[in-house]
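Before we start, here is the structure in question, set down as structure tokens.
The values are calculated or read from the model by the stated rules, or taken from the named source; none is laboratory data. The shown structure was predicted, so the numbers you read here are calculated from the model rather than taken from an experiment. Don't worry about glycine lacking a Cβ; one is built from the backbone with ideal geometry, like all the others, and counts go over all protein chains shown.
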Amino acid sequence: MNFFSPVIAHLLGVTSIAAMAAVHTERFDDDPHWDAHNCRFAPRAGREVKQDFGFSGTTEHCGAKGEIGGFIQPAAEPAYYAKAITPCTLERTLSASGRLACEGRQCNALIGFFHAATLNEWRTPNTVALRVYGRGQVFYAYLEYATQKWRAGAGEFGTTESTTGKRLIKRFKSGDTVHSSWSLRYDPAAGGGNGSITGRLDDEELVVNLEPGHKSDGARFDRFGLLNVLKHYDGGGELWLDDVIVNGAADRFDDDPRWEGLGNRRTYTTFDVRPWFDFGFSKTQFAGGKSPGELGGLIFRGDGRFTNLMAYYGDRLGVLDLNGSLRASGKVALCRAVSDSDTLIGFFHSQHSLDSGGSDAFNAPPDFLGVRIGGPSREGFFFTPVYRIHGAPEKAVDSGPYLHPDGSAHVWSLEYDPGAVNGRGQIAVTLDGNTARLELDPGHKTNGAHFDRFGLITTHHDGNGQRVYFDDLTYTTSQE
């Protein structure tokens, strides 16, 4: 801890003692033994995943012997059975059609175009697809796409607005029902030149226009076929296709088409199971540190309704508040990030930040100031400032530097200036030289929020997970 007298501060030209606050740098070369709360939740046993799909010359779910499909299970690990196609982009037309049979249970699979080398998460980058989501004796159907920059869009079949303003969803029957007229078509010239996807399922038609700017992001496709949804472990089900036509070329599956399979005939154990937290000190080297050892792991959103579904891993600090400056910086690498996921790093309180009042209404915990990695699916993932005090909703910005889940290392910083914006206070978060700023609301600085930890903490609103790592962290430890 550093101490400075007013005389020394005057000689150094410092107008605020808080500006000389003590900081600490953690390289994670060895385990720092920070305060750990529920962050290594994953049991040793894991969960069994079964993938068993591909060509079948004996079954006839779609009306004739010879088809493709089988048991498909959502998981973090990719599995597909697909036809290699001429590599193409969002600048050319794509089309596919065929017959489909969904056998129920929790099937969650994609039928469509993708890139074999970029399968890592959902929304899956470089995809244009029909998603079939089985729930017992019914299933839902969606059109989805994601660019090579993880910006995405989707639409749901059978969705209408009722006279009361509520959304009505048409559920398609599973079991023996064969949907003989499913089709998928991408037109780069439609949607006002932004690109558009048109899908049909039975007599239902759905059109999803690409968001402005998404087409220019670009996307690459080199496969068409069946792909599991790459979220985390979940229940699986059977899905079957026949009489498939891809970009004008037909496959009737009377004989083995010898499409390419990856992980589609195997059983294994996974530990990527929602909500099994698995983060803290890690003897890895993703974030760009000079030697192995860093902070991070698998971080699911927490859930404020249940005490065992919130977690943190943080260094113990002197008590800090919003009347003094706060700083943090370091390196970060986002290796995997699923839609509807968030990671929080920053200053928080070891007790107050876990107090949700039994609600999961807010993402950020109370008594928190720091950085959020997250964002709506249509935009991918931002690296932006966020804070929340007691008795008020969280405050965040809805845009900022993009952080892509491609495993590359970046340099970041956070600076909270209590004197900015006429004394209201402001947070500035910078990633690779790009900055997003967030002003505190009037009265929030003096609300009494305080912090005694720095590190990772889960949200209070549940959802999916990210694999993210930090290294070479420098942060405020005292404002004396």
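Please verify whether the range 425-441 includes one or more residues that are touching a Pro at 6+ places or on another chain (Cβ under 7 Å), modelled with pLDDT under 95 and over 21 Å from CYS335 (Cβ atoms).
No, the range 425-441 contains no residue that is touching a Pro at 6+ places or on another chain (Cβ under 7 Å), modelled with pLDDT under 95 and over 21 Å from CYS335 (Cβ atoms).
Still on this structure, please answer the following. Would you check if SER196 is under 27 Å from GLY136 (Cα atoms), in the same structural domain as ALA101 (by TED's automatic domain parsing) and either modelled with pLDDT of 95 or more or not charged (D, E, K, R) (or both)?
When the stated conditions are applied, SER196 does not pass them.
Select from the range 37-89 the residues that are under 23 Å from the mean Cα position of the chain (by Cα) and hydrophobic (A, V, I, L, M, F, W, C) and list them in ascending order.
Result: CYS39, PHE41, ALA42, VAL49, ILE72, ALA75, ALA76, ALA79.
State whether one or more residues within the range 200-213 are hydrophobic (A, V, I, L, M, F, W, C), within 24 Å of THR159 (Cα to Cα) and not in a strand (DSSP E or B).
yes
Let me ask another. Does the range 439-454 contain at least one residue that is among the hydrophobic types (A, V, I, L, M, F, W, C) and assigned to a loop (DSSP other than H, G, I, E, B)?
Yes; the residues of the range 439-454 include at least one that is among the hydrophobic types (A, V, I, L, M, F, W, C) and assigned to a loop (DSSP other than H, G, I, E, B).
Residues of the range 128-149 being in contact with a helix residue (DSSP H, G or I) (Cβ under 9 Å, 6 or more places away or on another chain) and surrounded by fewer than 24 Cβ atoms within 10 Å (Cβ to Cβ), which ones?
Hits for the range 128-149 are GLN148, LYS149.
Determine if the range 37-49 includes at least one residue that is within 30 Å of GLU480 (Cα to Cα), in contact with a strand residue (DSSP E or B) (Cβ under 7 Å, 6 or more places away or on another chain) and charged (D, E, K, R).
For the range 37-49, residues within 30 Å of GLU480 (Cα to Cα), in contact with a strand residue (DSSP E or B) (Cβ under 7 Å, 6 or more places away or on another chain) and charged (D, E, K, R): absent.
Evaluate the following for VAL49: is it within 21 Å of ILE299 (Cα to Cα), modelled with pLDDT of 95 or more, out of contact with any helix residue (DSSP H, G or I) (no Cβ under 8 Å at 6 or more places or on another chain) and part of a strand (DSSP E or B)?
Judged against the criteria, VAL49 is a match.
Taking PHE348 and the conditions (1) in contact with a Leu (Cβ under 9 Å, 6 or more places away or on another chain); (2) at pLDDT below 95, which numbered condition does it fall short on, given that it satisfies the others?
For PHE348, the exception is condition (2).
Quick check on this structure: which one of GLY400, GLY455, GLY425 is under 19 Å from SER339 (Cα atoms) and buried (at least 19 other Cβ atoms within 10 Å of the Cβ)?
That would be GLY400, the only listed residue that is under 19 Å from SER339 (Cα atoms) and buried (at least 19 other Cβ atoms within 10 Å of the Cβ).
In addition: Yes or no: THR118 farther than 13 Å from LEU227 by Cβ and either under 19 Å from the mean Cα position of the chain (by Cα) or at pLDDT 95 or above (or both)?
Here the answer is no, as THR118 does not meet what is asked.
It is to be established whether one or more residues within the range 438-448 are in contact (Cβ under 8 Å) with a residue 24 or more places away in the chain and under 30 Å from LYS290 (Cα atoms).
no
While we're looking at this one, here's another question. Say we look at the range 273-299 and pick out the residues that are among the aromatic types (Phe, Trp, Tyr) and part of a strand (DSSP E or B); which of these is surrounded by the most Cβ atoms within 10 Å (Cβ to Cβ)?
Filtering the range 273-299 for residues that are among the aromatic types (Phe, Trp, Tyr) and part of a strand (DSSP E or B), the one surrounded by the most Cβ atoms within 10 Å (Cβ to Cβ) comes out as PHE279.
Something else: Just to confirm my filter: which strands (runs of 3 or more DSSP E) fall fully inside the range 308-389 and include at least 3 residues that are within 18 Å of the chain's Cα centre (by Cα)?
Result: 326-337, 343-348, 368-374, 382-388.
Now for a different question. Residue check: is ARG266 farther than 17 Å from THR343 by Cβ and either out of contact with any Leu (no Cβ under 6 Å at 6 or more places or on another chain) or of a type in the set (Ser, Thr, Tyr) (or both)?
Yes; evaluated as a whole, the condition is true for this residue.
Identify all residues within the range 143-156 that are more than 11 Å from ARG123 (Cβ to Cβ) and not in a loop (DSSP other than H, G, I, E, B); write none if there are none.
Passing the criteria: LEU143, GLY155, GLU156.
Could you list, in sequence order, the residues of the range 76-94 that are in a loop (DSSP other than H, G, I, E, B) and closer than 18 Å to GLY112 by Cβ?
PRO78, ALA79, LEU90, GLU91, ARG92, THR93
So, one more: Do we have any residue at all in the range 246-267 that's crowded, with 21+ Cβ neighbours inside 10 Å, of a type in the set (D, E, K, R) and in contact with a Gly (Cβ under 8 Å, 6 or more places away or on another chain)?
The answer is no, given that none of the residues of the range 246-267 is crowded, with 21+ Cβ neighbours inside 10 Å, of a type in the set (D, E, K, R) and in contact with a Gly (Cβ under 8 Å, 6 or more places away or on another chain).
Can you tell me which residues in the range 300-319 are among the aromatic types (Phe, Trp, Tyr) and surrounded by fewer than 24 Cβ atoms within 10 Å (Cβ to Cβ)?
If the condition is that a residue be among the aromatic types (Phe, Trp, Tyr) and surrounded by fewer than 24 Cβ atoms within 10 Å (Cβ to Cβ), then PHE306 is the only one that fits.
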